[in-house]
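What follows is one structure encoded as structure tokens, with my remarks underneath.
The values are calculated or read from the model by the stated rules, or taken from the named source; none is laboratory data. All values derive from a computational prediction rather than experimental measurement. Cβ placement follows ideal geometry from the backbone for every residue including glycine, while neighbour counts extend to all protein chains displayed.
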Amino acid sequence: MAMIETVNLTKKYGELIALDNLNLTIDEGTCFGFIGPNGAGKTTTIKILATLLKPTWGEARIDGKTVGYQNHLIRPLIGYVPDFMGAYQDMTVAEYLEFFAACYGLTGAKRETTIADVLALTDLSYKAASEVNGLSRGMQQRLAVARVLLHDPKVLLMDEPSSGLDPRARIEMRELLKELRRMGKTILISSHILYELGELCNAVGVIEQGKLIFAGPVSEIMARAKVGQVVQLVVEERTNEAAELLGKLKGVLRVDIADESGVRRIDVTLEPNAVLSPSELASRLLANGFRLARLHPEQVSLETAFMRLTKGIVS
Ligand SMILES: Nc1ncnc2c1ncn2[C@@H]1O[C@H](COP(=O)(O)OP(=O)(O)O)[C@@H](O)[C@H]1O
Ligand SMILES: [Mg+2]
């Protein structure tokens, strides 16, 4: 059954069409990655689902209940983690959670055990007595998640929870999200980085300028967008020959030579889901007598993907 559903969801800000007939269906227990560049309409969609914004037309439903008509029934079901957490002056982590637990009507022993549970789940137990403002950004993000778990919602709406986090904090956030997925929560998580959601989500939707342009499993999206990893290589001499050699390898989609302030760089685009790894490219070159000055596997971002698609380089 669809836990989250939008039907021709449209939102206009004045003349600007931020969402254009968006149709999403997210089944119960799914971790759905909502991907799109800045300004695509992710936050607008999430705020509507969180009952904080009204659609201009169309409908949004959570567990069959309609936003704008049954908000009081929707709010207990959802936990919304906004893209920006406000500042909480002079408050400890425990006080912060006690405040929100009280808002949700939790009292006495139930309140204390619930707070202890969410602190343990988000790995923040040892920070209970610390000031919220003194926490790292990664911890603050986990605290924001802890807060929305207090009322044990079925649905989590998370707006770019990993943005601004360092690599370690990103991994910790991903582990936390995996744990929530295992608990059976339905999760909608937005990001502008495609690879970030790959191993976490069982489905993704790609939004651009308010329109859903792909929806389905991650592997299918990468293949349909013809997005493969790009590996940048610089060899000490015989660049053309090296490019030719790489172009013949199975798993290589295309090879380009770029000029980087006088240095000739080879950009190898691997096929989506390529079996070939960047280090294999290096060993092939070395085996053929080339000397490698640089090897840099680029992370595939959605922006890169769309740049290539819209430029018509791959289609
Ligand atoms: N309150 C607002 N008033 C006017 N325009 C807005 C408002 N909020 C968002 N927009 C515009 O709507 C579009 C979608 O924004 P948003 O949903 O924030 O995208 P995303 O979260 O994907 O970056 C953008 O063009 C943005 O500038
Ligand atoms: Mg946003």
Looking at the structure I just gave you, is Ile48 more than 20 Å from Ser191 (Cβ to Cβ), in the same structural domain as His151 (by TED's automatic domain parsing), out of contact with any Phe, Trp or Tyr (no Cβ under 7 Å at 6 or more places or on another chain) and of a type in the set (Val, Ile, Thr)? no
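Quick grid of which residues meet (1) farther than 17 Å from Gly33 by Cα; (2) of a type outside the set (D, E, K, R):
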{"residue": "Glu112", "(1), (2)": "yes, no"}
{"residue": "Thr122", "(1), (2)": "yes, yes"}
{"residue": "Arg142", "(1), (2)": "yes, no"}
{"residue": "Pro167", "(1), (2)": "yes, yes"}
{"residue": "Ile171", "(1), (2)": "no, yes"}
{"residue": "Leu176", "(1), (2)": "no, yes"}
{"residue": "Leu180", "(1), (2)": "no, yes"}
Boolean, Pro55 is in contact with a strand residue (DSSP E or B) (Cβ under 7 Å, 6 or more places away or on another chain) and at pLDDT below 95: no
Subset tally (residues that are modelled with pLDDT of 95 or more and of a type in the set (Asp, Glu)) for the range 58-94: 2
Inspect all residues belonging to the range 129-139 and state whether any of them is closer than 24 Å to Arg181 by Cα, at pLDDT below 95 and not hydrophobic (A, V, I, L, M, F, W, C). yes
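Identify, from the list Leu157, Leu176, the residue that is out of contact with any Gly (no Cβ under 6 Å at 6 or more places or on another chain) and within 16 Å of ligand 1 (Cβ to nearest atom).
So the residue among Leu157, Leu176 that is out of contact with any Gly (no Cβ under 6 Å at 6 or more places or on another chain) and within 16 Å of ligand 1 (Cβ to nearest atom) is Leu157.
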Say we look at the range 79-95 and pick out the residues that are under 21 Å from Ser163 (Cβ atoms) and touching a residue at least 12 places away in the same chain (Cβ under 8 Å); which of these is surrounded by the most Cβ atoms within 10 Å (Cβ to Cβ)? Gly79
Let me spell it out: the conditions are (1) among the aliphatic types (A, V, I, L, M); (2) free of Cβ contacts under 8 Å to residues at least 12 places away in the same chain; (3) within 12 Å of ligand 1 (Cβ to nearest atom), and Ile17 meets all of them except one. Which number is the exception? (2)
